[in-house]
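Participant: Quick one: this structure, given as C-alpha cells, is what I'll be asking you about.
The values are calculated or read from the model by the stated rules, or taken from the named source; none is laboratory data. Quick caveat, the model's predicted, so the values are computed rather than measured. Note: ideal-geometry Cβ built from the backbone for every residue, glycine included; neighbour counts use all protein chains shown.
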Amino acid sequence: MSILTDQIAIGPATHSYESARSLIRSPVAIAAITFLGVVTLVCISAPVTAPYDPLHQDLERVLSSPTAHNLLGTDTLGRDVLSRLFYGGRRSLLSVLEGVVVVVALGVPMGLAAGYAGGWVDRGLNKFAETIMAVPALIIVLVVLAVLPQNEDAAMISFGLLGIPAILRVVRSATLRVREDLYVAAARISGLSHLQIVKRHIFPRVWGPVIVQASLFAAYALLFETGIAYLGLTADPSTPTWGGMVAEASTVIQRQAWLLVPSGTVIASTILAFGLLGDALRDAVVRGEGGSINRVPRSVVTARDRDADTAEPMNGRSGLVLRARNLSVSTMRSGAEIPIVDGVSFDVYAGETLGIIGESGCGKSVTALAVLRSLPQGLRAIAGRVYWQGDDLLSMTERSFDGLRGSSLAYVSQEPQSSLDPTFTVGNQLVELIRHHQRVSRRKARSSAIALLRQVELQNPDQVARAYAHELSGGMAQRVAIAFALAGRPKLLIADEPTTALDVTVQAEILGLLRRLQRETGMALILITHNWGVIADICDRAVVMYAGQIVEKSGIQEMFDRPLHPYTLGLLNSHPSLAEPGSRLSSIPGNVPSPGSWAPGCRFAPRCRFVAEECVKTPIPLIDIGPGHASRCVRVDQIFAKASA
Amino acid sequence: MSSTTPLLIAERLCVRYRRGGRIINALDGVTFEIQSGETVGLVGESGSGKSTAAKAILGLAPVHAGSILFDGKDITHLSFKERRETYRQVQIVFQDPYSSLNPSRTIGDTLSEPLEAFGERDHKRKRDRVYEMLDRVHLPSTAVDRYPWQFSGGQRQRIAIARALMPSPRLVILDEAVSSLDLSIQAQVLNLLQELQVTSALSYLFISHDLGVVRHVCDRVVVLYRGRVMESGPALSVSGRDSAHPYTYTLNEAVPVPNPNAQRARRAAVGVPLTSLPDDTTKIRDQQCIFAPRCHWNQPQCWRERPLLRPAYPNGLVACHRYPEWRSEIARPEPHDAIADNGAQVIRN
Amino acid sequence: MFVPESPALLRIVGNRLLLSVPLLLVVSTLTFLLEALIPGDVARTIVGPQGTQEQYLQLKHSLGLDQPLLTRYQQWLESVVRGDFGTSLFNHEPVAVLLSGRLSVTLSLVVGSTLVAAIVGLLIGIAGALRSDIAGTAVDALSMFGLAIPNFFLGLILIALFAVAIPLFPATGYVPFDESPLDWARSLVLPVALATPGIAVVAKQTRDSMRVILERPFIRTLRAAGVPRRSIIFKHALRSAAAPVVTVLGLIFVASLGGTVVVESVFAMPGLGGLAVQATTQHDLPLIQGVAVYFTALVVVVNLLIDLAYGWLDPGVRIE
C-alpha cells in the first residue's frame, strides 16, 4: 500500500467498464471484497449473529481457549470473544465509514477546485493542505478526545478532516494531468462551461484514483481507530472494541497468549483486505485503459538464429567500421513474440554518414539501440550479428562491451535536455566522463572539458559548464550532448533524430557541426531521421526502413534521383517541397501497419499502387539491383523499367 | 487582393506573460489579416509567439494591448458568454492528435459535443450531422462507437478536424496540425484540408514551423520572430528568393532541400552565419530591431529604432531598416533558381 | 568542480525558513483554538458530573476560561514564546519541564525508526531495482503485510516472542543513553523493530523510483558514453530517484511520531507519547496542548530538512 506517496498512475484513459471487468477478474480483489462483505454483514447484524451477549460474564469460563461452547474462547471476565468481536466490529466499521465519508466529501471537491481553477485557489488550498499535514493526526485527535472524552465519532471525524490533504493532493494532481490534455481546451472552445467540463471530462478520469485512495484510507482509518481503542480512549473497558480487546489481551500474555490472536488477526485481516482492495483497484484503473502497470514482459532470448552465415569475415575493404547482419529485435506481448526489427543488415565505413530513414514505427530507433545494447525493458535482440573490428557486439560479454562504450561507439539522442543528468552541472558530468576514458587529473579533465565544449562551437564554455541541462537552450544542450559523445573519441557516432526537436536554424548549425567534426576526426556517423531534407544534407548513403525491414539501400543522390521502391517513391512524391505549390499532394493511401500486424508477403503491398499477385504470397528478399543499390521489391524491373538517367 | 472587409484583423496585438519575476512579451505589436477563403500562414521558430496568437484569437491568452476584429466585430476582450458566439465561427485543430481527444469518450460523443454546447438537443439531427461530418473527412460511419485509441494519428487528426467543423465555422486555426504526422499521412491530411476549404468555404490560419509545408499550402505568410512580425506577403515571395527580411532569408536558407546535390551547392555558395545566442538571456529593448543581435547586416540604426512594417514588394510588408540594401550585401554570385521553383532540379551554375 | 552559478539552494532554504515561522504559529494557534472550537466544556469535563457548581467555576477561572478568547490567546501566545506552556493540571508541574524531560526518549525512538527504515530500506530497494521480479514481489508482499498489522499488535507479538518466550530483550522500559549505551540500545531494539513496515515502504518507493529513473533517456546517454555501471546507479540514478524517497522518509517520520503514542504505551516507555495519552485521559489541557506544539515543531524541522535535501539533490526543482 503506498498511500504515503501520491503517485497514482493515470494512464491515457479510464474506461470504467473495462476497469470493472478487469477488477472482477482479479482473484485478490474478489477475495478482499468477499472478506470485507462478510465481515460487514456479520458485524452489522451482530444482534442476530452473535451467539452471546457481549457483556455477559461467565466467571466459570474465564480465559478459556476455543471450545465448542465459545468458538474463540473467552476473555478475562469470561465473556465470549466471538460475540465481542462482532459487536466491536460494528463500532469499528462505522468509524471507518465516518472517516472515509468526511475525507471524500470534502477532499474531492477541494482537489478538483485546486487542480482545475489553479491560481490563487490552488495556492490557498495548497497552503491549507500543507498546514494540516504539518500536524501528526493522532495528537490532534488526542486533543479532541481530551475535550470530548470517549467520543469516537468526534475522533473519527477529526481524523477524516486531517486526512483531507492526502486525498486533495491525489485529486489535484489527477485533475492537473487531465487539465493539461488538449481535449479540455478543445471542449472549452466547443463552447462548454467550466462546470460541464469538470463533470464530463475531468471527473470521469479522476474518480478512479479517488476510489483507490478511499480504500487505502479506510485501511488507515481502521488502523487508527483500533489504535485509539487500544489506548482505551474511546470507550470504557467493558464495551467491546477490537483495539480494546487487544489491550486486554496484552495484560494476560503470559497466562493466555491465545487471547491476542482473534482480535489481532481480525484487525490485521480487515486492514489487509482494505489495502489489497485498494491496490487491486489501482491496477484495474490502469488496466482499464490498456496500459501496463510496470509489469514488464519477460525478456526473450531464443536460440533461433536466422542468419546462416555465422562466419562472415570482416573483409579487407578498408575503412569498414560496423557491419550489421540480419539484426532482429522482438518484444513479448500477451505471451506472443512480436518482431519489431526484422533481419536488418547494413555496413558503415569510416568518415562516411549512413542515413536510416523511415516513418514512425518502422524500427529505426530500435535498430540503433540494439547496436548499442541499450534496448529498453521488454525488447530483446533475438538474432543477427553486429561486427565491430571482427567481434560480434551482440554476443560479447558485458565487460568487453563496456570497454567500447563511448570510446568506440557513441550516441546522441533526440531530446537534448533530457539526455543529460538534471542533477549535475554539465561540466561536472563531462569531467566525470573524461576521467573515465582517460586517466587524468581533475585539472586536466577540466581543461579538456572546456576544450570539448569549444570544439562543439559553444561560445562561452565556462558559463555553459557551470549550467544545468534545463538551463540551456535546445541547440546548446544538443551541442553539449555531442561533446559528451565525443569525449571518448569514438570511431562511430549514432545520432537518433538529433535535430528533430530543434528549430530549423539551429538544425542547420548542428548539421554543419556534425559535418565538420566528421572531417576533423574521421569518425563514421549513422544518422537516424524521418526528414528527407536532413539526409540530403549530410548523408552519403541511406537505407529506408518500413515495417521493421530495410526496403531500399542506396547512395544518396541516387536515392533521390532514382528511387527503386514504391514506398520511397511514394514518400518523395508526397513531399511538399518537391510539389507544385497549391497542388494536390500525391499521397500513399492507408496507414503504417503496427508490429504484429504485418502482411505475410510484401509488407507494403496493402498500400502499394503497383501491387500484383507475386507480392503478397511469400516474404520478399532484399535484391541487389545495381552497385550499392538494393530494393525489396519483386516488381522492381517492371515498375521502374527504363527509369535510369 | 480584394478590397472586401477581411474576415479577421489583428492589430498591434500585445500579449504579456509574467515568468519568474520577468515580463515576457509573447506578442509585441503583431498585425496581420485574413481574408475570406484565404489560407494565411503564421511561421516562426520556438518563442516566436505563433501559438500565442492563436490563443489570443480564441480568448485563451491575456491581451495586453491591441485588438482583434472578427467580421468587423471586436473580439479582443469578451466574456465567456459573448465569446461562445465567436466559437461558432472560429475553431481550432491542435497539434497533438493523442491528447486532443478524450480517450474515454466515443468518437460520436466527442463530435456531438460542440453541437450540444451550442444548444442542439435533437438526437436525430445530431446523429445525422455527425455521420455527415465523418463522411466528409473520409472516415467510416462505424467510427461513431469507437474510441480514440483504436485510430492512428492521422485518423485522429481527421476526427479533430471534423470536430472543429461541427459548428460550421468560417475560420479554422490549424496550430501545427500536421507537424506530428508522418510524411505520408501529412500529405493525406493536407489534401483533406484543401478539399474542405473549398466545400465549406473556410479560411485557415495555418500555424507552422515547417516552411516547406507552409509554402505549399498558404496564400500569404506572416513571419514572426520573438513576438514581432518580420515580414508578411504572398507565400511564394516570402519563401522564395524575394524574401525581404534577413530573418526570412536565413530561415529559407536553413531549410535543407530534399536533393543532395542541390543542398551541397547551396552550402557551397556562401551561407549566412547566424550568430548563435541563447534567446532567454538577451535583453531586448523596446526601441530596437528585435532581430539585430543575430542579424548579419545590422547597423547602428537597427539598435536605436524599432523598424515598422512597410511595403516591400507587391502585397508584401517588411519590418527592416535596411531593406532593400542588405540584399546587395549578400556574398554570393547570384541567387540560384532551383530553390525558389522546384528543389528537385539540379542547380545550373 | 564546476560550481553552479544560480544561488537556488540559498533561496530555497531562506524560503522555507521564512515559511516555517508563520506555519508554526498557525499550527500552534490552531491547537489552541481547537479547544475553543470543539463543542464541549473542558472545565465541566474535568470537574465531572459529581462536581459542584463552585468547583466548576473555580476551575474555569483557574484555567482562565472565563476570559474572552482573544485575551486568553494573547496571554497564551506570550507565554509560549517565552517557553512557558503553562502548568499541568494533574502534576502541577510546568509543562515545559515535563516535555523536555521526555523528549530524548521519543526522539530516540522516532529517529531510530526512521534511520533504520531509511538505511535498510534504501539498500533493499536498490537491490530490488537491479534484480528481477522476485525480490520485487517479496518487497511488495512484505510492505503489504507489514502495513496491515497494527503496530500495537506487532509490538505485543514481538514482546511475546523475544521478551517473554525467549528473553532476549527487555519487554518494557527505557534506559537513558548516559546510563548505559548498551542497555539503551537493547531497550530500543523491539520498539524500533516496529519500523519494519517503514523499511518495506522505503524499499518499495526506492525500487519504484529507481526503476523509473533507469528507463530515462539520460541514463541511456550516460551508459552509451561509457560511464561505469556503478557510477550510474549510485551516483546518477540514486540522486534523481532520491527526491520521492526523501518525501517518504519525511512521512515515515511523521507517522512514527504519531505512532509513538501507541508504541510507548505498549513498551511502557517514558516518552512524549505516553505523556500525551496520560494527558488525554486526565483532560490535562495545558499538557496536551504542549505536546501538540512540540510534535508540530518537530514536524516543521523535519520538513525543513526535507526541503534542504530536495534543493541539494535536484537543482531543477522549482518551488511553486
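Participant: In segment B:66-111, how many residues are in a helix (DSSP H, G or I) and over 27 Å from B:Ser36 (Cα atoms)?
Facilitator: So the count comes out to 4.
Participant: On to the next question. Could you tell me which residue of segment A:123-150 is farthest from C:Leu34 (Cα to Cα), considering only residues that are more than 7 Å from every other protein chain (Cβ to nearest Cβ) and in contact (Cβ under 8 Å) with a residue 60 or more places away in the chain?
Facilitator: Per the criteria, the residue is A:Gln150.
Participant: Which of the residues that make up segment A:450-474 are over 16 Å from A:Pro422 (Cα atoms) and either within 10 Å of chain B (Cβ to nearest Cβ) or in contact (Cβ under 8 Å) with a residue 24 or more places away in the chain (or both)?
Facilitator: Selection gives A:Leu452, A:Leu453, A:Gln455, A:Val456, A:Glu457, A:Leu458, A:Gln459, A:Asn460, A:Gln463.
Participant: So for segment C:164-186 (the condition being free of Cβ contacts under 8 Å to residues at least 40 places away in the same chain, within 22 Å of A:Leu222 (Cα to Cα) and surrounded by fewer than 18 Cβ atoms within 10 Å (Cβ to Cβ)), does at least one residue qualify?
Facilitator: So far as segment C:164-186 goes, no, none of its residues is free of Cβ contacts under 8 Å to residues at least 40 places away in the same chain, within 22 Å of A:Leu222 (Cα to Cα) and surrounded by fewer than 18 Cβ atoms within 10 Å (Cβ to Cβ).
Participant: Given the options C:Phe218, C:Phe162, name the one that is touching a Phe, Trp or Tyr at 6+ places or on another chain (Cβ under 7 Å) and either modelled with pLDDT of 80 or more or within 12 Å of another protein chain (Cβ to nearest Cβ) (or both).
Facilitator: Criteria check complete, one pass: C:Phe162.
Participant: A:Gly227 fails exactly one of the following numbered conditions: (1) of a type outside the set (A, V, I, L, M, F, W, C); (2) facing chain C (nearest Cβ under 8 Å); (3) closer than 28 Å to A:Thr67 by Cβ. What is the number of that condition?
Facilitator: (3)
Participant: Okay, next question. Residues that are at pLDDT 90 or above and either surrounded by fewer than 24 Cβ atoms within 10 Å (Cβ to Cβ) or in contact with a Ser or Thr (Cβ under 8 Å, 6 or more places away or on another chain) (or both): which helices (runs of 4 or more DSSP H) entirely in segment A:63-169 hold 2 or more of them?
Facilitator: Answer list for segment A:63-169: A:81-117, A:119-133, A:152-162.
Participant: Could I ask something else about it? Could you check B:Gly212 against (1) more than 9 Å from every other protein chain (Cβ to nearest Cβ); (2) out of contact with any Phe, Trp or Tyr (no Cβ under 9 Å at 6 or more places or on another chain) and say which number it fails?
Facilitator: (1)
Participant: Here is a further query. Of all residues in segment A:170-195 being without any contact (Cβ under 8 Å) to a residue 24 or more places away in the chain and surrounded by fewer than 19 Cβ atoms within 10 Å (Cβ to Cβ), which is nearest to B:Glu113 (Cα to Cα)?
Facilitator: Result: A:Ser193.
Participant: For C:Phe218, indicate whether it is touching a helix residue (DSSP H, G or I) at 6+ places or on another chain (Cβ under 7 Å), aromatic (Phe, Trp, Tyr) and within 30 Å of A:Ser413 (Cα to Cα).
Facilitator: yes
Participant: With within 13 Å of chain B (Cβ to nearest Cβ), under 28 Å from the mean Cα position of the chain (by Cα) and under 28 Å from A:Ser574 (Cβ atoms) as the only criterion, which of A:Ala508, A:Ala495, A:Ala477, A:Ala501 stands out?
Facilitator: The match here is A:Ala501.
Participant: With the structure loaded, tell me whether A:Ile267 is aliphatic (A, V, I, L, M), within 11 Å of another protein chain (Cβ to nearest Cβ) and outside any helix (DSSP H, G or I) or whether it fails that test.
Facilitator: Judged against the criteria, A:Ile267 is not a match.
Participant: Report yes if A:Pro619 is without any contact (Cβ under 8 Å) to a residue 24 or more places away in the chain, within 28 Å of B:Val257 (Cα to Cα) and not hydrophobic (A, V, I, L, M, F, W, C), otherwise no.
Facilitator: Judged against the criteria, A:Pro619 is not a match.
Participant: Write out, first by first residue and then by second, each pair whose Cβ atoms fall under 6 Å of each other, whose residues are 6+ apart or on separate chains, and whose first residue, in segment C:229-247, is closer than 11 Å to C:Ile219 by Cβ and within 9 Å of chain A (Cβ to nearest Cβ) while the second is charged (D, E, K, R) and not in a helix (DSSP H, G or I).
Facilitator: Within 6 Å, the pairs are C:His236/A:Asp421.
Residue-by-condition table, conditions (1) closer than 27 Å to B:Asn25 by Cβ; (2) over 19 Å from the mean Cα position of the chain (by Cα); (3) part of a strand (DSSP E or B):
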| site | (1), (2), (3) |
| --- | --- |
| B:Leu190 | no, no, no |
| B:Ile207 | yes, no, yes |
| B:His216 | no, no, no |
| B:Leu224 | yes, no, yes |
| B:Leu251 | yes, no, no |
| B:Val257 | no, yes, no |
| B:Arg267 | no, yes, no |
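Participant: Next question. In segment B:229-249, what residues are crowded, with 24+ Cβ neighbours inside 10 Å and part of a strand (DSSP E or B)?
Facilitator: Passing the criteria: B:Val229, B:Met230, B:Glu231, B:Ser232, B:Gly233.
Participant: Somewhere in segment A:229-239, is a residue crowded, with 20+ Cβ neighbours inside 10 Å and on the phi > 0 side of the Ramachandran plot?
Facilitator: Checking segment A:229-239: not a single residue is crowded, with 20+ Cβ neighbours inside 10 Å and on the phi > 0 side of the Ramachandran plot.
Participant: Quick one: A:Ala257 ticks every box in (1) surrounded by fewer than 24 Cβ atoms within 10 Å (Cβ to Cβ); (2) out of contact with any Phe, Trp or Tyr (no Cβ under 7 Å at 6 or more places or on another chain); (3) small (Gly, Ala, Ser); (4) farther than 21 Å from A:Thr67 by Cα bar one, so which box is it?
Facilitator: It is condition (4) that A:Ala257 fails.
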